[in-house]
Structures are given as C-alpha cells and as structure tokens.
Amino acid sequence: MDVSNTTGRQNTGYRVVGSGGHAPGQRARLSTFGTPEALQEDLRAERDIEEGRFETFSSVEEFARQLPERLARIREERLIDAGELPPKGEVVSPGSGSEPFRVVFHFEGKEVASATFFKEPTVVRLVEDELGFRVEAEARHS
Amino acid sequence: MDCLVIPSDTFYERLSSLDEELGSSTADALSALVEALKRLKSYAWDGSLPLKPYGSSGSSYEYEFYPGFVFTFRRETERDRWKQPVRIKLVLKSVQRAS
C-alpha cells in the first residue's frame, strides 16, 4: 500500500506498522573520532551516499532553514521509538479479512484525518481542500 | 561559487545522538554547525579553520565545530572544461566526539 501526502504541507506524517508492531529502536551514542567504531560509521556514511540515502541542499542557507524542522522530526521519532509518543500514523496489516486497515495522518503532532478500510487499498493519500483534511484511497483491483 | 550540502542518513542519526546528549544546548551546536559550513564554503584552505584531513583519499576531514564535537565530511570540487572550480559539494558523513 502506498501512503502519500498531497497537501503540500511539509510536516505531516504517518508511520507504517507491520503486523509485529513497531519495535522500539535503540539510538547509538556518539562515537569518538579515530576509533574503530567511528571508522565503521564513516564507511556506513559512504555507503549511504552510494546507495542514495542522503539529501541534497543547493546551499548552506537552504540546509540551515530545514534544520529546525528536521530536528523536531528527529526528536519526535525518538519519543515514538521510546514509546513516549504514539506512532504518528498506522497502517495495521491484518492477518485475516476480519481486521480493518486504519490509516491516520498527523500534522504538527495532531491527528488531522484517518480512515478505516476493510479491504487493503492500493493508495491512501492525505488531501486538503476548503473543508479541511481528508483521506482519499484507491481500491485494489482484483 | 555554488555549494551543495549533502547530509547522509548516518549524519542525521548522529545529529539525533548529539541532540540527546546536549539537550537544550543543541540549538547552539546547530548554529555552530551552520556557521562552520558557511566558513567552509569560502575557505581558502590556508589552515585557518579547525579541520584535519583523515583517511586515505585525502578528501575527508574532521571539523571541530563545537567544543568537544566534530563533524566529518568529504569535499568534492566540480570543475569546468578549463579545470576551473565551478561548484563544491560538502558530503556530511557523521557527528562524533573529538578525540
């Protein structure tokens, strides 16, 4: 299932949770430059670049502008990982046809729209119009 | 000269670790990071910045941008057909404790 945001707003979010739920992540502590651990980290960063796990900003100023929002997202994800915040959105995959799919979208930390489906849609998107936010979905063709 | 800033996922992860560690001082550290990048953009490579090369390629550096903390990066220069520099890329790799 694809989940997307068509509102043009930057700080909406959702989280996809597999059938086993979201496992709390353990964030690594900072390593010390020059140690084997730091060297591994360096190699990992190079792999990130090779495999497309990076962002590109056209200037230092553009990078600086997005940093506060990025940091807010990082903090929120950390709280979610620690179980101190509920996941921002959920798509719960049912094991059988009896359990519904529920998709929740958040904007600035608040739930703005949600939808429940009894059959998995192919695409779920958040749209915004004069009435506010709503969820649109495309049905799966079978 | 244009300057592209390219943070890796690992860089962002370590930024999160830095945030966890510094708490309310993170904003100061981020300001220092941005200031360091601005300086790098126009750096004349005259030894005036607190950065040191490392690794075998000769293009990776550590930069102590905030007391006790460095960020590591790779610098690439794009040149035109006359070998004149037209754009630099700063690939941000990680944030670590200074050794």
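Sorted by mean Cβ packing within 10 Å, highest first, what order do the peptides B:5-14, A:67-76 take?
So the order, starting with the most tightly packed, is B:5-14, A:67-76.
Rounding to the nearest 10 and keeping the result within 0 to 90°, find how far the Cα-based axis of helix B:26-41 lies from the longest principal axis of chain B.
Roughly 10 degrees, rounded to the nearest 10.
Full-extension gain between B:Arg79 and B:Ala98, please, as 0.36 nm times their residue separation minus the C-alpha to C-alpha distance.
Full extension of this stretch gives 3.6 nm more.
From other protein chains only, count the Cβ atoms within 10 Å of every residue's Cβ in A:61-72, then give the mean.
If you average over the peptide's residues, the count of other-chain Cβ atoms is 4.
Return the average number of partner chain Cβ atoms within 10 angstrom of each residue Cβ along peptide B:67-77.
What the average comes to for B:67-77 is 2.
Please give the calculated 222 nm ellipticity per residue for chain B, where each DSSP H segment of at least 4 residues contributes -39500 (n - 2.57) and the sum is spread over every residue; nearest 500 deg cm²/dmol?
Theoretical 222 nm ellipticity from helices: -10000 deg cm²/dmol.
Roughly what % of DSSP beta bridges within chain B run antiparallel, to the nearest 5?
Bridges in chain B that DSSP calls antiparallel: roughly 80 percent.
Give the cross-link partners of B:Lys93 among the lysines, using a straight C-alpha distance below 16 Å as the criterion and excluding same-chain residues fewer than 8 apart.
List returned: B:Lys52.
Below 14 Å, Cα to Cα, which aspartates and glutamates can A:Lys110 reach? Residues fewer than 8 away in the same chain don't count.
Straight-line reach from A:Lys110, under 14 Å: A:Glu76, A:Glu90.
Average partner chain C-beta neighbours within 10 Å, per residue of A:41-52?
The shielding value for this peptide is 6.
Note down the relative contact order for chain B as a percent, whole number, built from C-alpha pairs under 8 angstrom at least six residues apart.
37
Relative to the first principal axis of the alpha-carbon coordinates of chain B, what is the inclination of helix B:9-22, with its axis defined by its Cα atoms, in degrees from 0 to 90 and to the nearest 10?
For B:9-22 against chain B, the angle is about 40 degrees.
R0 = 22 Å: FRET efficiency of A:Thr116 with A:Ala82, Cβ-based, nearest 0.05?
Computed FRET efficiency for A:Thr116 and A:Ala82: 0.20.
What does the convex hull of the Cα atoms come to per residue for chain B, in Å³?
104
Kindly rank B:27-36, A:43-52, B:52-61 from highest to lowest mean number of other beta carbons found within 10 Å of each residue.
Sorting B:27-36, A:43-52, B:52-61 by mean packing, highest first, produces B:27-36, A:43-52, B:52-61.
Where a number appears in this text, it was derived from the coordinates with a stated rule and is not lab data. Fair warning: this is a prediction, and the values are worked out from it, not measured in the lab. In this analysis, Cβ positions are derived from the backbone assuming ideal geometry, glycine residues included, and neighbour counts consider all displayed protein chains.
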